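Report on the following structure.
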Amino acid sequence: SNTNSKERSLTLRDEAMSAANVMLVGHQSDAINGYQATPTGAGPFPGVVVIHHMPGWDPATKEITRNFAAHRYNAICPNLYYREGPEDDPDDAAARARANGGVPDDRLVGDVGGAIAALRALPTSNGKVGVIGYCSGGRQSFLVAISLPVDAAVDCYGAFVSGTAPEGFPLKVTPLIDRTESLGCPLLGLFGLEDQFPSPEQVDELEQALIAHGKTYEFHRYENAGHAFFSPNRTSFRPEAALDGWQRIFSWFETYLTPSEA
């Protein structure tokens, strides 16, 4: 019951955090903005990059970023649509990004790389950084984990890691499953069995690739849950799946981002 003693020792001061917009050095040294939330105190704290969903750098994703800070993580959510409209309503920037076929993979890796570097440079960093993404961000979380040195990754219903986008799909995305061998950290996957993108078959296909390459992973599939079951402001929200999913996310990051106490 280590957790209970931890909870009892949480003082009000420990729950304080600060959150603000920050500038990051992204792909090709472009300046982009991000939302950073950090716990107060000396740390050291692990870091988490939050990759926003297709609707963009929106209030719901910033709330998730603050939630990580409330759980004693330094967190940054880079604005992946900064170039499409830094000052605009997130919906407008998201629409422009979609019209362009989404965020190119190399740009995504560069921008998230900038957020990872910013987290590691914080004076309260413990040096470890995890990445989590939702929807299109789930695929991008996997993309980061096969492209950059990170310590843990979470894919929340990311489409087209396996499987191909249907004819006429707005995003130019290529599957990543053939690069599974490059996965450099443990992967947690959370999926809804009612989802079409990714479908349960595509999730199974990815699982087989992870097994074939001997990767450390854990997948959970939720019944009566479709896409975006983590989104409290959408009708797709499924509280039971989301509550269980959050517990698994925090347990995953605690396992791989915090040094084990001897």
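Quick note: the coordinates plus some simple rules give every number you see, no bench work behind them. Remember, it's a predicted structure, so these values are computed and weren't measured experimentally. Quick reminder, even Gly has a Cβ in these numbers, built from the backbone with ideal geometry, and neighbours come from all protein chains shown.
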Alpha carbon centre of region 97-156 versus region 214-262: separation in Å?
17 Å
Between [x] 33, 24, 18; [y] 27, 22, 18; [z] 36, 22, 17, which matches semi-axes √(5λ) of the Cα gyration tensor in Å calculated for the structure shown?
[y]
Relative packing of 52-63, 157-168, which averages over residues the other C-beta atoms within 10 Å, highest first
52-63, 157-168
Taking Cα pairs closer than 8 Å and at least 6 residues apart, the relative contact order of region 184-239 in percent is 41 percent
With a cut-off of at most 11 other beta carbons within 10 Å, and DSSP calling the residue loop, which GluC sites (Glu not before Pro) in region 211-259 qualify? Please list them.
Glu223
Expected output is a single nm value to one decimal: the length gained when fully extending between Lys172 and Glu254, i.e. 0.36 nm times separation in residues minus the C-alpha distance. What is it?
26.1 nm
Length gain on complete extension for the stretch Asp244 to Thr216, per 0.36 nm per residue less the alpha carbon to alpha carbon distance?
8.1 nm
Quick one: Debye curve from the alpha-carbon atoms of region 65-152 only, equal weights, vacuum; give me log10 I(q)/I(0) at q = 0.15 Å⁻¹ to two decimals.
-0.60
With a/c under 1.5 counting as rounded, go ahead and sort region 170-234 into rounded, prolate or oblate using the C-alpha gyration tensor (a ≥ b ≥ c being the square roots of the eigenvalues; past the cut-off, prolate if a/b is larger than b/c, else oblate).
prolate
On full extension of the chain, what length is gained from Ala20 through Ala117, given 0.36 nm per residue of separation minus the C-alpha to C-alpha distance?
33.2 nm
Mean separation of Cα contacts under 8 Å, 6 or more apart, over the residue count of the chain: relative contact order %
15 percent
Rel. contact order, % - alpha carbon contacts under 8 angstrom, at least six apart, region 76-204
20 percent
Helix-only mean residue ellipticity at 222 nm, the chain, DSSP H runs n ≥ 4 weighted -39,500 (n - 2.57), per residue, nearest 500. What is it?
-11000 deg cm²/dmol
For peptides 25-32, 130-137, sequence by mean Cβ density within 10 Å, most packed first
130-137, 25-32
